[in-house]
1. When we measure straight from the Cα of residue 122, which lysines land under 19 angstrom away, once same-chain ones fewer than 8 places off are left out?
2. Under the definition of Cα pairs under 8 Å and six or more residues apart, what whole-number percent is the relative contact order of the chain?
3. I need the phi-derived Karplus couplings for the range 133-140: 6.51 cos²θ - 1.76 cosθ + 1.60, θ = phi - 60°, integer Hz, Gly and Pro marked x.
4. Could you list which residues have their amide H under 5 Å from that of residue 231, counting only those 5 or more apart in sequence or on another chain, with H placed in the peptide plane?
5. Rank these for me by crowding, 100, 271, going from fewest to most other beta carbons within 10 Å.
6. Taking H placed 1.01 Å from N in the peptide plane, check which residues at least 5 places from residue 141 or on another chain put their amide H under 5 Å from its amide H.
7. DSSP loop (so not H, G, I, E, B), at most 16 other Cβ within 10 Å: list which GluC sites (Glu not before Pro) in the range 55-119 pass both filters.
8. At 222 nm, what value in deg cm²/dmol follows for the chain if DSSP H runs of at least 4 each add -39500 (n - 2.57) and the sum is divided by all its residues, to the nearest 500?
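FYI, it's all coordinate maths here, none of it is from the lab. Just so you know, these numbers come straight off a predicted model, no measurement behind them. Note that each Cβ is placed from the backbone with ideal geometry, even for glycine, and that neighbours are counted across all protein chains shown.
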Amino acid sequence: MAKNRLISPFVKWAGGKRQLLDAIVALCPPDMRYHTYVEPFIGGGALFFHLQPDNAIINDLNSELINVYNMVKDNLTELVADLKKHKNESKYFYELRSLDRSADFASMDKVKRASRVLYLNKTCFNGLYRVNNAGEFNSPFGNYQNPNIVNEPVLKAVSLYLNAKNVRILSTDYENILRDLDENAFVYIDPPYHPLSETANFTGYVQGGWSAADQIRLREACDDLTRRNIKFLLSNSASDFIRRQYENYSITTVKANRSVNADGEKRGEVDEVLIRNYE
Ligand SMILES: C[S@@+](CC[C@H](N)C(=O)[O-])C[C@H]1O[C@@H](n2cnc3c(N)ncnc32)[C@H](O)[C@@H]1O
């Protein structure tokens, strides 16, 4: 069936996979239709929305992000109405940004929280969702001319898709997702990348960041998938450390255009790897 091209990422996320889609799709198993598609680090969901699977499990530890997926699915009308109220002004931006510093943030209305994340994502500098060590959103105001705060056609198409298909939306550590899968699953794993250099690392997706120990825990979880006969495809940086971790697997090197400094201002081509446990 022809894919609906409006079904596409509604947030810009660090590490977005749009530019690598062709390379990733070429390496996916040929019989994808028979699998449950599982993406435990969904972020912006570029591959998920591209494939538009009938059966899927999507997950991210970032509960603010997952709340947006849930609100797009369950409360689209209210969400769009709230998005239309936002202003692209510095003072307003910082007021909304500061809400996660207050004690009652967790009890704030879920539609308003989702609307806040979408607004900040469209109006902040570089469109990067970034949190500090306390888990607070800390990207500065972007001062863009006409940010597309209410992308109604895309939000509508995504909402229809999420409601029409069998998509489970979860927010937990990836290990809890992998533990319950059976042989019908195909898992696309796009974790926070291991840094190519000490200064180039972006780890601000969720409180805590990712260390080498986290990468090792993930590789062990991948070994476990292999033992259980479950196919996975994983992306990461082409660092020596990652290549060594996955030396028993099939590794394909691809080129990606990424921001190469901490503020995301400078861009350049970097090698990344696609690793899989099947032919
Ligand atoms: C590289 S991004 C995914 C990019 C995404 N595939 C895209 O195309 O936009 C990694 C994601 O992993 C999430 N994450 C970090 N630690 C996690 C964990 N322990 N379990 C599940 N998700 C986690 C982050 O919140 C982040 O959204």
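1. Here the lysines satisfying the reach criterion relative to residue 122 are 12, 17, 84, 85, 87, 91, 110, 112, 156.
2. Relative contact order of the chain: 21 percent.
3. 5, 8, x, 9, 4, 9, 6, x
4. It is 187, by chain and number.
5. The order, fewest Cβ neighbours first, is 271, 100.
6. Sorted by chain and number, the residues that satisfy this are 125.
7. Sparse-neighbourhood loop GluC sites (Glu not before Pro): 89.
8. Using -39500 (n - 2.57) per qualifying helix, the result is -10000 deg cm²/dmol.
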